[in-house]
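Comments concern the structure below.
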Amino acid sequence: MYAAFCGKTGQMVKRAAPGGEGFSLDHFSGEAVQTYFGRFSEVFGNSKEIRSFFNDSYEVYNASWTPGLFLTFQARRGYDLRDHIRELAGEGEEETVTRVKCDYRLTLSELLLENFTLPWAEWAHKRSALTKNQAHGSPGNLIDLYAAVDIPECEIYGHRYYPITGLRQDSGDRMNDEPDPMMLKLATSAAHITGKQLVSNETFTWLGEHFRVSLSQCKPEAEEAFLAGINHLFYHGTTYSPVEAPWPGWLFYASVNFAPSNSFWPHLEELNRYVTRCQSVLQQGKPDNEVLVYWPVFDIWSNPEGLEMQLTVHNIGEWLHYDPVRKMEHMGHTFDFISDRFLVDAGVQNGEIITAPGVLPYKALVIPGCAYMPPETLEKILQMARDGAVVVMEQFPGDVPGLFDLESRQAKFHALLDELAFEENENGLMECRVGNGVILLSEDFHNALDSRGIHAEEITRYGLKYSRRAMEDGKYYYLVNHTPDHLDTLLPLNTLARAVVIMDPQSGEAGLAHMEQADGSCQVRVQLSSGQSLILRTCEGDIPLQDSWKYYQRSGDPVFVTGPWTLEGIEGGPEIPQVVRMERLTPWTGLGDTAWNRFSGTAVYKTTFEMPAHSADQYQLELGAVYESAGVWLNGEKLGICCSNPFTIRAGHLLREGSNELTIEVTNLMANRIRYMDRNKLEWKKFHDINIVN
């Protein structure tokens, strides 16, 4: 005998704002959701002052039921779930357990979409507002949930390892499951296949432990988001703190502290400028990805363990795999995921796949190996091939998911597969000609696509990462060098162009690149140091009125700036240390001075040096190891801020023969001062609702 009842989780709203305390919402209940909206309607009325309403990641735990689910399930799935309580409890024959739980999870996904996400978007649109939703964590189809709002928003939790030369990374901050940028692709894909212009990201979440994260660690994480298709960053986190609150002010429990109390605050403007320049480009045009990848969510749902399945950033290793897709991306192809719902609505024109009006067409559909696929999806895939599409399957899908109407659905599924007759083609691939298109059977997606003339960009062969956007008269390429190597090469691009403009998002400089045409593509000379990025703008029409891009080669011997130096604290605490004079440049924590060891803030290193007669076109100042960012002045004029690797800056325009004065304004981390306060039992843990996790 099995007893089933609808209970309450008892979960309270996490870290609620004043007035927002209470029990968590039942997202599956249309009645509960409308009651929830009622309070917002009272507050905002018909006001049209709000730009967007934001829904944070779904973090409602053990919410596996809703009143009326038995009736809803029977109406949608065609059988009575009460007859399968045993299987829902995880007992009985494993295949039946798996199928019942898949149907159950599909039903929850539909309820979440139809009773919460879509009504919320409609409610906001009546007030001329946008919706911004973090679908991850939900027990639903993430692509469908992201796509249901105006601005899908994802996040990366923790930090990845980057082999950038000189980048300091704390091994103690590494997660058991390293953050996976493919997680971001679910949100960006939802935006791309539906033609949404913005995709946002909760950025730098738990990038490292409190007070130990530098701006140089932030930059490659922002770049990883941009490469995945994000173009609208939000920093995590920025906490309100009253002016009168003593340092470090009020804090947020989750890691990076983007607030004036952080010692890196004076140099944050440099990271902001970089992000602004990148986003000003990445919000233009349209994403230009050539491959669609089917997301086999029914494989995830067909798990005999547990009840609801929350697809979170914390358990990526359990559900986000697809090694052949990763290999395809590594070989230079760009792609977007597509769900069953949007695949069924897609069309084919001139052999290319159209997912929505105004969206750039895709050249092929790739199907990763999957154990389960709805017959409606398989039927659509075969129809797309008949209409002229290129389809690449890693292997045949195994069976239909779920238990409802099983025998007739299986019969339809296998009848569709039986229509396919494969033969080995001239490239050694198994091929099935279907109507005007073709289906290829291959575990090597890159090779299969290449055989159909869908060629990958060769950019990744040089160790670079990239994303690409299309304009009416050309393309944007965003290039990032996360390798430890300096690159100076002619880089081939899969496009023709009359000219190419190089833009440096670090400095804001731009110029016409050296370019050569070859075999239907163009080759552009690029110079990229480890940790740097560039943006290339290919131009098919008029050539921009632009100076030529300056390429530099090292010539002659370097000039060493040896000192002596003075070091003076400017701003920070717990107190400003005394001025120090040193013969050799040394980090202030290496002076053996107690006051300097506990100092967090800004201090200035100054020296003068002699510059011999010189004839080079440019000089580059190499700062070496910087702890952790630096503003640089030469002869009283500001050269700029260095906040990321490589810590170099061009200085030739201010350099003069003879005596020169060099000033370097350095900011370090908050950690030194926090350590001092903690050891001396001074109050610094000013958190609301939760304290330091570690």
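Overview of results
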{"item": "Neighbours by Cβ (under 6 Å, 6+ apart or cross-chain): first from the range 184-204, over 18 Å from residue 55 (Cα atoms); second among the small types (Gly, Ala, Ser)", "result": "185/228; 194/147; 194/356; 195/356; 195/358"}
{"item": "Members of the range 434-446 that are within 12 Å of residue 392 (Cα to Cα) and not aromatic (Phe, Trp, Tyr)", "result": "437, 438, 439, 440, 441, 442, 443, 444, 446"}
{"item": "Residue match in the range 495-508 (condition: assigned to a strand (DSSP E or B), over 26 Å from residue 189 (Cα atoms) and among the polar types (S, T, N, Q))", "result": "no"}
{"item": "Any hit, the range 544-558, residues being in a strand (DSSP E or B) and crowded, with 18+ Cβ neighbours inside 10 Å", "result": "no"}
{"item": "Residues located in the range 587-618, provided they are touching a residue at least 60 places away in the same chain (Cβ under 8 Å) and within 28 Å of residue 549 (Cα to Cα)", "result": "616, 617, 618"}
{"item": "Residue within the range 92-102 that is crowded, with 16+ Cβ neighbours inside 10 Å, of a type outside the set (Asp, Glu) and under 19 Å from residue 9 (Cβ atoms) present", "result": "no"}
{"item": "Residues satisfying the stated conditions in the range 472-503, i.e. surrounded by fewer than 17 Cβ atoms within 10 Å (Cβ to Cβ) and over 21 Å from residue 518 (Cα atoms)", "result": "472, 484, 485, 486"}
{"item": "Sole exception among (1) of a type in the set (Asp, Glu); (2) surrounded by 13 or more Cβ atoms within 10 Å (Cβ to Cβ); (3) in contact with a strand residue (DSSP E or B) (Cβ under 9 Å, 6 or more places away or on another chain); (4) without any contact (Cβ under 8 Å) to a residue 24 or more places away in the chain for residue 56, by number", "result": "(4)"}
{"item": "Qualifying residues in the range 103-136 (those that are assigned to a loop (DSSP other than H, G, I, E, B) and charged (D, E, K, R)) - the one surrounded by the most Cβ atoms within 10 Å (Cβ to Cβ)", "result": "127"}
{"item": "Pairs, first touching a residue at least 60 places away in the same chain (Cβ under 8 Å) in the range 445-464, second crowded, with 16+ Cβ neighbours inside 10 Å and of a type in the set (Val, Ile, Thr), C-beta under 6 Å, six or more apart", "result": "445/366; 445/392; 452/390"}
{"item": "Residue 28 vs. criteria touching a residue at least 24 places away in the same chain (Cβ under 8 Å), outside the structural domain of residue 300 (by TED's automatic domain parsing), within 29 Å of residue 126 (Cα to Cα) and part of a loop (DSSP other than H, G, I, E, B)", "result": "yes"}
{"item": "Filter result for the condition that a residue is surrounded by 22 or more Cβ atoms within 10 Å (Cβ to Cβ), farther than 22 Å from residue 77 by Cα, in contact with a Gly (Cβ under 8 Å, 6 or more places away or on another chain) and modelled with pLDDT of 95 or more, over 391, 359, 366", "result": "391"}
{"item": "The range 181-199 - residue that is among the β-branched types (Val, Ile, Thr) and touching an Asp or Glu at 6+ places or on another chain (Cβ under 8 Å) and, of those, farthest from residue 131 (Cα to Cα)", "result": "193"}
{"item": "Extreme residue, surrounded by the most Cβ atoms within 10 Å (Cβ to Cβ), among residues of the range 71-89 that are in contact with a Phe, Trp or Tyr (Cβ under 6 Å, 6 or more places away or on another chain) and closer than 19 Å to residue 29 by Cα", "result": "81"}
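The values are calculated or read from the model by the stated rules, or taken from the named source; none is laboratory data. Everything quoted here is computed from the prediction, not taken from an experiment. Because the Cβ atoms are built from the backbone with ideal geometry, glycine has one as well, and the counts that use them run over all protein chains shown.
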